[in-house]
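Q: Encoded as structure tokens, here's the structure I'll be asking about.
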Number of protein chains: 2
Amino acid sequence: MIQTSPPPPKRPPARERILAASLEQMRRYGYAGTGIKAILVAAAAPFGSLYHHFPGGKEEVGAETIRRGGVAYRELVEAFYVDGADLGDATQTFFDEAAAFVESTAFVDACPIATIAGEIAATSDTMRQAADEAFESWLRVMERQFVAAGIDVGRARELSVELFCAIEGAFLLARTSHDAEPIRTVGRAVARSVREALAGARVPVG
Amino acid sequence: MIQTSPPPPKRPPARERILAASLEQMRRYGYAGTGIKAILVAAAAPFGSLYHHFPGGKEEVGAETIRRGGVAYRELVEAFYVDGADLGDATQTFFDEAAAFVESTAFVDACPIATIAGEIAATSDTMRQAADEAFESWLRVMERQFVAAGIDVGRARELSVELFCAIEGAFLLARTSHDAEPIRTVGRAVARSVREALAGARVPVG
DNA sequence: TACGAACTAGATTGATCGATCTACTAGTTA
DNA sequence: TAACTAGTAGATCGATCAATCTAGTTCGTA
């Protein structure tokens, strides 16, 4: 028997492993608090591979890490804000599950990229832009659903911004206070705002 | 003429200078991204002084830095939320002036301790607790004024949490997007919530 | 099969890191 | 004035840092 196709790889390629490890490290310890060596140890990858795949060095790894984390969270947001969903309930559920998640990680993990973003906002324009784009992509997901539900474009944007700011602020407070209640608190407030906006929209579709 | 009291010091003592420099450095570059040497250069202070005044080392400097930044911002919050102030207007003004401030620093500075707090939340319990206490002190300022205006204690707490989360989330978004509008957006939303809570409270005093 | 490109591997480099250390200065008190 | 304490000054230390480098392996193509 001749094996004509190679067996599936036992593990992801080094580049993927590096990014996954980088995200785990940087979300908790920040950009400057994460060393290249720690990433490589976690990724089981060599120094040469990192600089081969990311010739821009640590900053390039950081920017890709932000993009990767941003895409993952956008997909999470999309899982709550599905087409046709009750947006008030979706919002409530989103915050309640965020609270449960933060608790389940013993208040270590919350937003995958906020810690990095806050840290590099003043020092790396490459990474700042990656974070800006990631956040914007989340806002767009929510905004699109609000508009589809009949809320006017301006109000949809405002709601999305309010929701984003609420969750990010609550993550910070939950992580420092070791209490997930602030996330639930702002979740109720935002869900109420969403429901009010929907009621004011008077959706003409059934 | 005998001078019986010493002349006022030309500059603050080293300990003060170190903390002031530390706050400036850490608020922008984060804890791990700020080196001891950079603090000392900015403070015009020697290595020996730092470890003399802060035998716990960098972590102790970080914790004191958080406390110092926390007190300064609490005083700023108190300047807006004065006794007897119209709390809806105070809230609106607070956010609008926060937006103007962030703009005036070219989106470099926002909250003095959020960047540090997010970074060390998972790695230093000493500093996490300092941040927790700082944030709690801000919440208390707002909560006290809401209660004094007749809002029930539970709702006052919620409002304070909503306000805190809104401003912190908006700071993050403003710094990454280089746009202060999100601060104004959430300011309008929170001011509206405050006004609604006040209207619902039906303050019996004139 | 040979060659080139892509990728892996990990040692090495000069710089920076936080902390320790020795020595000195200044201020206070008996 | 001498002794002590508080504080300043900055060199030094071992460890870690990001990046470079050399060498080897793997893969794809002609």
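The values are calculated or read from the model by the stated rules, or taken from the named source; none is laboratory data. Since the model is a prediction, treat every value here as computed from it, not as a measurement. Don't worry about glycine lacking a Cβ; one is built from the backbone with ideal geometry, like all the others, and counts go over all protein chains shown. The area values use the complete protein model at the heavy-atom level, side chains included, leaving out ligands, DNA and RNA. Shrake-Rupley method; radii C 1.70, N 1.55, O 1.52, S 1.80 Å.
Q: Keeping all protein chains in place, calculate the accessible area per residue for the protein assembly as shown (probe 1.4 angstrom), answer in Å².
A: 44 Å²
Q: So the label point sits 7 Å from Cα along the Cα-to-Cβ vector; using that for residue A:38, what distances do you get to the other copies, in nanometres, sorted shortest first?
A: The answer, with the shortest distance listed first, is 1.7 nm.
Q: For the stretch B:160-205, run through the trypsin sites (Lys or Arg not before Pro) and keep only the ones in DSSP coil with at most 16 other Cβ atoms within 10 Å of their Cβ.
A: Taking the stretch B:160-205 and a limit of 16 other Cβ atoms within 10 Å, the loop trypsin sites (Lys or Arg not before Pro) found are B:202.
Q: A further question follows. Just counting partner chain Cβ atoms within 10 Å, what average do the residues of peptide B:154-162 show around their Cβ?
A: The per-residue average across the peptide is 4.
Q: Just want to confirm a number: the relative contact order over chain B, from Cα pairs under 8 angstrom separated by 6+ residues, in percent.
A: Relative contact order comes out at 23 percent.
Q: Could you work out the mean count of beta carbons from other protein chains within 10 Å of each residue's beta carbon in B:32-42?
A: Rounded to a whole number, the mean comes out at 2.
Q: Go through A:179, B:152, B:83 and list them by solvent-accessible area, largest first, probe radius 1.4 Å.
A: My answer, sorted largest first, is B:83, B:152, A:179.
Q: With n ≥ 4 as the cut-off for DSSP H runs, can you work out [θ] at 222 nm for the protein assembly as shown, using -39500 (n - 2.57) per run divided by the number of residues, rounded to the nearest 500?
A: Taken over the protein assembly as shown, the calculation gives -24000 deg cm²/dmol.
Q: Find the Cα radius of gyration of the stretch B:59-200, compare it with 2.2 N^0.38 Å by division, and give the number to two decimals.
A: The stretch B:59-200 yields a ratio of 1.04.
Q: Across peptide B:178-190, what mean number of C-beta atoms from other chains lies inside 10 Å of a residue's C-beta?
A: 4
Q: Whole-Hz Karplus ³J(HN,Hα) for the stretch A:60-72, in order, using 6.51 cos²θ - 1.76 cosθ + 1.60 and θ = phi - 60°, x for Gly and Pro?
A: These are the phi-based 3J(HN,Hα) values: 5, 4, x, 5, 5, 4, 4, 4, 5, x, x, 5, 4 Hz.
Q: Restricting attention to the stretch B:18-118, which trypsin sites (Lys or Arg not before Pro) occupy a DSSP loop and are surrounded by at most 10 other Cβ atoms within 10 Å?
A: Here no loop site has a sparse enough neighbourhood.
Q: Quantify, in whole percent, the carbon and sulfur part of the accessible surface of the protein assembly as shown (1.4 Å probe; protein heavy atoms only).
A: For the protein assembly as shown, the apolar C and S fraction of the accessible surface comes to 56 percent.
Q: May I pose another question? For the full complex of protein chains and a 1.4 angstrom probe, list B:109, A:86, A:96 by accessible area with the highest value first.
A: Ranked from most to least accessible, the order is A:86, A:96, B:109.
Q: What total accessible area, in Å², is buried where chains B and A meet, using a 1.4 Å probe and rounding to the nearest 100?
A: Approximately 3200 Å², summed over both chains.
Q: Could you tell me the distance between the Cα centroids of the stretch A:141-180 and the stretch A:42-98, to the nearest Å?
A: Taking the Cα centre of the stretch A:42-98 as reference, the centre of the stretch A:141-180 is 17 Å away.
Q: Percent of Cα-Cα pairs more than 38 Å apart in the protein assembly as shown, please.
A: So the portion of pairs separated by more than 38 Å is 25 percent.
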